[in-house]
1. Consider only pairs whose beta carbons are under 6 Å apart and that are at least six residues apart or on different chains; among these, list those whose first residue lies in the stretch 54-76 and is without any contact (Cβ under 8 Å) to a residue 40 or more places away in the chain and whose second residue is in a helix (DSSP H, G or I) and acidic (D, E).
2. Return the residue satisfying two criteria in turn: it lies in the stretch 73-88 and is of a type in the set (V, I, T) and loosely packed, with under 14 Cβ neighbours inside 10 Å, and of such residues it is nearest to the chain's Cα centre (by Cα).
3. Here are some conditions: (1) more than 14 Å from the chain's Cα centre (by Cα); (2) in contact (Cβ under 8 Å) with a residue 40 or more places away in the chain. Q25 meets all but one. Which one does it not meet?
4. Give the stretch 35-46 a look and list any residue that's assigned to a helix (DSSP H, G or I) and loosely packed, with under 10 Cβ neighbours inside 10 Å, or say none.
5. Take K50 and decide whether it is without any contact (Cβ under 8 Å) to a residue 24 or more places away in the chain and surrounded by 11 or more Cβ atoms within 10 Å (Cβ to Cβ).
6. For Y27, work out the one condition from (1) open to solvent by less than 70 Å² (accessible area, probe 1.4 Å); (2) in a helix (DSSP H, G or I); (3) in contact with a helix residue (DSSP H, G or I) (Cβ under 8 Å, 6 or more places away or on another chain) it doesn't fulfil.
7. Please verify whether V42 is of a type in the set (A, V, I, L, M) and either touching a residue at least 40 places away in the same chain (Cβ under 8 Å) or closer than 20 Å to L20 by Cβ (or both), treating the condition exactly as stated.
8. Of the residues A59, A22, A9, which is outside any loop (DSSP other than H, G, I, E, B), surrounded by 11 or more Cβ atoms within 10 Å (Cβ to Cβ), out of contact with any helix residue (DSSP H, G or I) (no Cβ under 9 Å at 6 or more places or on another chain) and at pLDDT 95 or above?
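The values are calculated or read from the model by the stated rules, or taken from the named source; none is laboratory data. Please read all numbers here as calculations on a predicted model, not as lab measurements. Note: ideal-geometry Cβ built from the backbone for every residue, glycine included; neighbour counts use all protein chains shown. Surface areas here come from the heavy atoms of the whole protein model, side chains and all, with no ligands, DNA or RNA. Shrake-Rupley method; radii C 1.70, N 1.55, O 1.52, S 1.80 Å.
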Amino acid sequence: MNLEESRLAIEGIDRDIVALIAKRQEYSAFIAAEKKKSGSSVRDEVQRRKVLDRAAVLASESELDEESVVKIFDILVEMNEKAQKNCI
């Protein structure tokens with residue numbers, strides 16, 4: 001595989017990543033509705049910690065830099081919280 005082929009492969013992976021982020025965001029409206037029904041706050045520190053801890057474990061299992069992966073997931077959680085706020 002040459003440089004251009006490698007870059008095209010990465011471009012395809014990037015498209016997949018963005019599609020998965022969009023799919024993850026689709027759940028924000030449902031989660032917001034459930035939180036509204038139960039009177040829960042949009043920001044759930046316990047759940048946030050679970051997500052970030054899970055991301056660290058998954059990163060470790062894949063031999064990726066845990067700190068970097070956790071940062072990415074922190075951004076994903078923030079995106080979901082922002083979307084939930086827009087739904088409530």
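1. The qualifying pairs are A56/E66; A59/E66; S60/E66.
2. Quick first cut of the stretch 73-88, residues of a type in the set (V, I, T) only: 75, 77, 88.
After this cut, where a residue has to be loosely packed, with under 14 Cβ neighbours inside 10 Å as well, the list is 75, 88.
Numbers: I75: 7, I88: 20 Å.
Going through the qualifying residues, I end up with I75.
3. Condition (1) is where Q25 drops out.
4. Let us first name the residues in the stretch 35-46 that are assigned to a helix (DSSP H, G or I), namely 35-38, 45-46.
Of everything in the stretch 35-46, those that are assigned to a helix (DSSP H, G or I) and loosely packed, with under 10 Cβ neighbours inside 10 Å turn out to be K37, S38, E45, V46.
5. Values: without any contact (Cβ under 8 Å) to a residue 24 or more places away in the chain: yes; surrounded by 11 or more Cβ atoms within 10 Å (Cβ to Cβ): yes.
When the stated conditions are applied, K50 passes them.
6. (1)
7. Numbers: of a type in the set (A, V, I, L, M): yes; either touching a residue at least 40 places away in the same chain (Cβ under 8 Å) or closer than 20 Å to L20 by Cβ (or both): yes.
Yes.
8. Numbers: A59 fails: out of contact with any helix residue (DSSP H, G or I) (no Cβ under 9 Å at 6 or more places or on another chain); A22 fails: surrounded by 11 or more Cβ atoms within 10 Å (Cβ to Cβ).
Unique residue meeting the criteria: A9.
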